[in-house]
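Encoded as structure tokens, the structure appears first; notes follow it.
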Amino acid sequence: MTTTLLQNATLLVTMDDGRRRIAGGGLYVEDNVIRQVGPTAELPPAADLVIDAAGMVVLPGLVNCHHHLYQSLTRALPGVQDAELFDWLQALYPIWAGLTGEAVYVSARAALSELVLSGCTTSADHLYIYPNDSQIDDEIRAAREVGIRFHPNRGSMSLGKSQGGLPPDAVVEDESEIMADCERAYEKYHDPAPYSMCRLVIAPCSPFSVTPELMRASVTFARERGLVLHTHVAETLDEEEFCLREFGVRPVELMRQLGWVGPDVWWTHCVYVNEQDIALMAETGTGVSHCPTSNMRLGSGIAPIRAMIDAGVKVGLGVDGSASNDSSHMLAEARNAMLLQRVKLGASALSAEESLWLGTRGGAAVLGRDDIGALAPGMAADFIGVRLNRIDFAGAQADPLAALVFCTPPRVDLSVINGRVVVEDGRLLTVDLPTTIAYHNQLAAELLQRARGTSTSSSPGVPA
Ligand SMILES: [Zn+2]
């Protein structure tokens, strides 16, 4: 057994049920599990590894509930910078059609590294497009190398343009092949045990890119195996119009009819939900990942998160894909969540602590986990530290927790995931970043090159 002692944190933010904040606090860890939390003087005096957190604010690692890691290959792309969701997707699908297994692996390595440096210790990723030789295995390999706790979503698209869907036929998959690959990934990777580093999620992409049959098959498949389900719901008015036209109901009602509600389901976005929708989510235990930056970037709207929290809906945060954010920064997402509710409801709409709660406990609940999101005995040893003596926080020492959200979002100085030090003195120990960034940029350039080579009038967004 290896023991770790973190001591003397200027402020230890527990996010436990009592929302305790401990000045001069610390943690005692055995292997990958927190055993004691409290003032440093009350903890064992020694351990195999001692981390001095003087001058730091320490809190549970953040939980990212929604992402498309591969999209970091197409960030800030000319031609789609000012587009709304459906135009944006239709311009990008032909580019993403050139993805390879190597590109999925390297982009996941880069985006997960960026997430870890921003305070994230657990991430979901919604991978719904599998062109060429790409597989979900490619991003799982990257997550293992980075050292992040990972919930890969075996996503899917099966409804091509010729069948009335949004994506081109070239990027959709056969439904029996999708389900066979879900089974393969489940057998190979899913670990339901406490402190699991990899849990598979079943995640058809959206009402406009899969059939109702695939949605139903996915629910049955997941529930037979105890897996959690995820999809995009009510992101834009275009989606609502699509659902009304094709199915005669709004997106949330469609989900209810398909059996896509329950404590084992979470949706992302939920911008266009009404009071009845929110009541249904609360009653059924259906969770939501709120993605404020993406919603602002694409001009989608403001999700009624305050109303959802007040109604008892499980709410977590997601950075969403890097082509609609265009960053993978969890503290920035907490900040934007706080600010965006205030735009709509005023300055008391969401506090700094509440937004960090969404990013920790909220996200853990959304992913169906009771072993992460708080610093308490029995929880996984996932925690982060941020030094307070930085230019971003100059003059903001009176409330270190608030500084994390109100001031410029920092990168973390310390990150421990499953008991392993992954970031030390602001440096990621698991990945050689300069090499990864250079290779990532090369693959991104090749992806655009490939799209230009095959560009036709069906891909208007490919920049010249
Ligand atoms: Zn998304």
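Pull out all pairs, ordered by first then second residue, where Cβ-Cβ is under 7 Å, the residues are six or more apart or on different chains, the first lies in the stretch 174-186 and is surrounded by 14 or more Cβ atoms within 10 Å (Cβ to Cβ), and the second is aromatic (Phe, Trp, Tyr).
179/221; 182/221
Evaluate the stretch 204-220: report whether one residue or more is touching a Ser or Thr at 6+ places or on another chain (Cβ under 6 Å), part of a helix (DSSP H, G or I) and either of a type in the set (A, V, I, L, M, F, W, C) or more than 12 Å from the ligand (Cβ to nearest atom) (or both).
yes
Which number in (1) surrounded by 21 or more Cβ atoms within 10 Å (Cβ to Cβ); (2) outside the structural domain of residue 393 (by TED's automatic domain parsing) marks the one condition that residue 14 misses?
(2)
Does residue 410 satisfy the condition of being surrounded by 21 or more Cβ atoms within 10 Å (Cβ to Cβ) and either in a loop (DSSP other than H, G, I, E, B) or not assigned by TED's automatic domain parsing to the domain that holds residue 28 (or both)?
Values: surrounded by 21 or more Cβ atoms within 10 Å (Cβ to Cβ): yes; either in a loop (DSSP other than H, G, I, E, B) or not assigned by TED's automatic domain parsing to the domain that holds residue 28 (or both): yes.
Yes, satisfied.
Is at least one residue of the stretch 92-104 in contact with a strand residue (DSSP E or B) (Cβ under 9 Å, 6 or more places away or on another chain), crowded, with 23+ Cβ neighbours inside 10 Å and in the same structural domain as residue 329 (by TED's automatic domain parsing)?
Yes: one or more hits.
Can you tell me which residue among 373, 362 is in contact with a Gly (Cβ under 9 Å, 6 or more places away or on another chain) and assigned to a helix (DSSP H, G or I)?
Values: 373 fails: assigned to a helix (DSSP H, G or I).
Exactly one of 373, 362 is in contact with a Gly (Cβ under 9 Å, 6 or more places away or on another chain) and assigned to a helix (DSSP H, G or I), namely 362.
If we keep just the residues of the stretch 229-273 that are within 20 Å of residue 306 (Cβ to Cβ) and assigned to a loop (DSSP other than H, G, I, E, B), which is nearest to the ligand (Cβ to nearest atom)?
Selected residue: 235.
Looking at the stretch 158-174, can you tell me whether even one residue there is small (Gly, Ala, Ser), within 20 Å of residue 268 (Cα to Cα) and in a strand (DSSP E or B)?
No: zero hits.
Can you find a residue in the stretch 358-371 that is more than 30 Å from residue 82 (Cβ to Cβ) and either of a type in the set (Phe, Trp, Tyr) or in contact with a His (Cβ under 8 Å, 6 or more places away or on another chain) (or both)?
Yes, the conditions are met somewhere in the stretch 358-371.
Provide a single number: the residues in the stretch 324-359 that are in contact with a Phe, Trp or Tyr (Cβ under 8 Å, 6 or more places away or on another chain) and not in a helix (DSSP H, G or I).
So the count comes out to 1.
Check 328, 355 and return the single one that is buried (at least 23 other Cβ atoms within 10 Å of the Cβ), within 16 Å of the ligand (Cβ to nearest atom), polar (S, T, N, Q) and within 29 Å of residue 205 (Cβ to Cβ).
328
Tell me, which residue of the stretch 133-153 that is of a type outside the set (D, E, K, R) and under 14 Å from the mean Cα position of the chain (by Cα) is surrounded by the fewest Cβ atoms within 10 Å (Cβ to Cβ)?
143
Before we move on, is residue 396 in contact with a Cys (Cβ under 6 Å, 6 or more places away or on another chain) and over 21 Å from residue 6 (Cα atoms)?
Answer is yes for this residue.
When you go through 366, 319 one by one, which is the residue that is touching an Asp or Glu at 6+ places or on another chain (Cβ under 9 Å), within 16 Å of the ligand (Cβ to nearest atom) and under 27 Å from residue 6 (Cβ atoms)?
319
Could you grab the pairs with beta carbons closer than 8 Å, sequence gap of 6+ or different chains, first residue in the stretch 24-48 and without any contact (Cβ under 8 Å) to a residue 40 or more places away in the chain and within 11 Å of residue 8 (Cβ to Cβ), second one surrounded by 14 or more Cβ atoms within 10 Å (Cβ to Cβ) and basic (Lys, Arg)?
none
Looking only at the stretch 67-80, decide whether some residue is away from the ligand (no atom under 16 Å from the Cβ), in the same structural domain as residue 289 (by TED's automatic domain parsing), loosely packed, with under 14 Cβ neighbours inside 10 Å and at negative phi.
Yes: one or more hits.
Among the residues of the stretch 274-314, which ones are of a type in the set (Val, Ile, Thr) and within 16 Å of the ligand (Cβ to nearest atom)?
Across the stretch 274-314, the qualifying residues are 288, 293.
Can you pull out every residue in the stretch 349-391 that is touching a helix residue (DSSP H, G or I) at 6+ places or on another chain (Cβ under 8 Å) and farther than 18 Å from residue 287 by Cα?
Listed by number, the residues that qualify are 349, 350, 351, 352, 353, 374, 386, 388.
The values are calculated or read from the model by the stated rules, or taken from the named source; none is laboratory data. Keep in mind the model is a prediction, meaning the values are calculated, not measured. Neighbour counts are summed over all protein chains in view; Cβ atoms, including those assigned to glycine, are modelled from backbone coordinates with ideal geometry.
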